[in-house]
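Novice: Encoded as structure tokens, here's the structure I'll be asking about.
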Amino acid sequence: MNIEELRESWKKEEQNAKIIGWDFSYIENRFDSEEDKLPWDYKEAINRYRHDTDKLLDIDTGGGEFLLSLGHPYNNTSATEGYPPNVELCRHKLAPLGIDFHEVTDYNNLPFSNESFDIVINRHGSFENEELYRILKPGGVFVTQQVGEKNDRELVEKLLPGTEISFKEHDLEHCISSLVRAGFSVLERDEAFRPIRFYDTGALVWFARIIEWEFVDFSVDRCFDRLLAVEEGIRKQGSVSGHTHRFYVVARK
């Protein structure tokens, strides 16, 4: 393709950058992220503490896909979500099952009574430590896997050099410190950086538009020259790569 054909191709990817839940199947086989090769298993970590009789809450459940994979009894399950397309999905998908679903964007004011839950989980979402402490029963457990501040930074720098980190000090050390200050004791912890690779520039364009809080103000037109440099690198090396940043914590009230 010539330069203008590349531009048009990438702008189509930009226009197609829509997502419901956390579904990256649109770029399946066009990128590779070693999310399943972390040194811990988030689901196994939850199941080490979860019992069917527990009252369980999933904060920022996305489309509810992971929550349903746990097989927790629906009558003992609650969930929250704030992203509007996912909220509608959850209302049609989770609520009819008997799951107690709430739209939530204020993490300091969750719509639950004090000491409501035995276990609260949160995968790649937001939370407030003091509010978690309030809604957990004594001895209750919080299990979270988070996206760290250095996630995708090499890729961001390739397209938008000098962009500020979106969530500064969001790493294992600071997470643990804030949980301890809120009164929690930490039972498990770990942190990892894993490769992420894109095999065509269009897939990276789609990704950058989806992950807009990292790739701030990205557009094909604004970043076109840098996209051309990425394209040249992929043609020579077969891919463009960076690293994901993940950490997880299990804490007890």
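The values are calculated or read from the model by the stated rules, or taken from the named source; none is laboratory data. For clarity, every value in this text was computed on a predicted model and none was experimentally measured. Note that each Cβ is placed from the backbone with ideal geometry, even for glycine, and that neighbours are counted across all protein chains shown.
Novice: Can you tell me how many residues within region 86-112 are under 20 Å from residue 22 (Cα atoms) and among the acidic types (Asp, Glu)?
Specialist: Adding up the residues that qualify gives 2.
Novice: Looking at region 120-138, I want the residues that are more than 18 Å from residue 70 (Cα to Cα) and have a partner that is at pLDDT below 95 and part of a strand (DSSP E or B) with Cβ atoms under 9 Å, at least 6 apart or on another chain. Which pairs are those?
Specialist: Nothing qualifies.
Novice: Turning to a different aspect of this structure: So residue 122 passes all but one of these: (1) touching a Phe, Trp or Tyr at 6+ places or on another chain (Cβ under 8 Å); (2) in a loop (DSSP other than H, G, I, E, B). Which condition number does it fail?
Specialist: Of (1) touching a Phe, Trp or Tyr at 6+ places or on another chain (Cβ under 8 Å); (2) in a loop (DSSP other than H, G, I, E, B), only one is false for residue 122: (2).
Novice: Would you call residue 107 crowded, with 17+ Cβ neighbours inside 10 Å and either under 17 Å from the mean Cα position of the chain (by Cα) or among the polar types (S, T, N, Q) (or both)?
Specialist: Answer is yes for this residue.
Novice: All but one of (1) at pLDDT 95 or above; (2) touching a Lys or Arg at 6+ places or on another chain (Cβ under 7 Å) hold for residue 46, so report the exception by its number.
Specialist: (2)
Novice: Which count do you get for residues in region 168-211 that are touching a strand residue (DSSP E or B) at 6+ places or on another chain (Cβ under 8 Å) and under 20 Å from residue 132 (Cα atoms)?
Specialist: Total satisfying the criteria: 13.
Novice: Tell me whether region 68-81 contains one or more residues that are in contact with a Gly (Cβ under 7 Å, 6 or more places away or on another chain), farther than 17 Å from residue 187 by Cβ and of a type in the set (Phe, Trp, Tyr).
Specialist: Yes, region 68-81 contains at least one residue that is in contact with a Gly (Cβ under 7 Å, 6 or more places away or on another chain), farther than 17 Å from residue 187 by Cβ and of a type in the set (Phe, Trp, Tyr).
Novice: Right, here's the next one. Name the helices (runs of 4 or more DSSP H) wholly within region 163-253 that hold at least 3 residues that are surrounded by 18 or more Cβ atoms within 10 Å (Cβ to Cβ) and not β-branched (Val, Ile, Thr)?
Specialist: In region 163-253, the matching helices (runs of 4 or more DSSP H) lie at 172-181, 201-210.
Novice: If the Cβ limit is 6 Å and pairs must be 6+ apart or interchain, which residue in region 20-40 that is surrounded by fewer than 14 Cβ atoms within 10 Å (Cβ to Cβ) and at pLDDT 90 or above pairs with which residue that is of a type in the set (Val, Ile, Thr) and not in a loop (DSSP other than H, G, I, E, B)?
Specialist: Hits for this filter: zero, empty list.
Novice: If you don't mind, another one. Go through 70, 6, 97 for me and flag whichever is at negative phi and either in contact (Cβ under 8 Å) with a residue 40 or more places away in the chain or touching a strand residue (DSSP E or B) at 6+ places or on another chain (Cβ under 6 Å) (or both).
Specialist: 6
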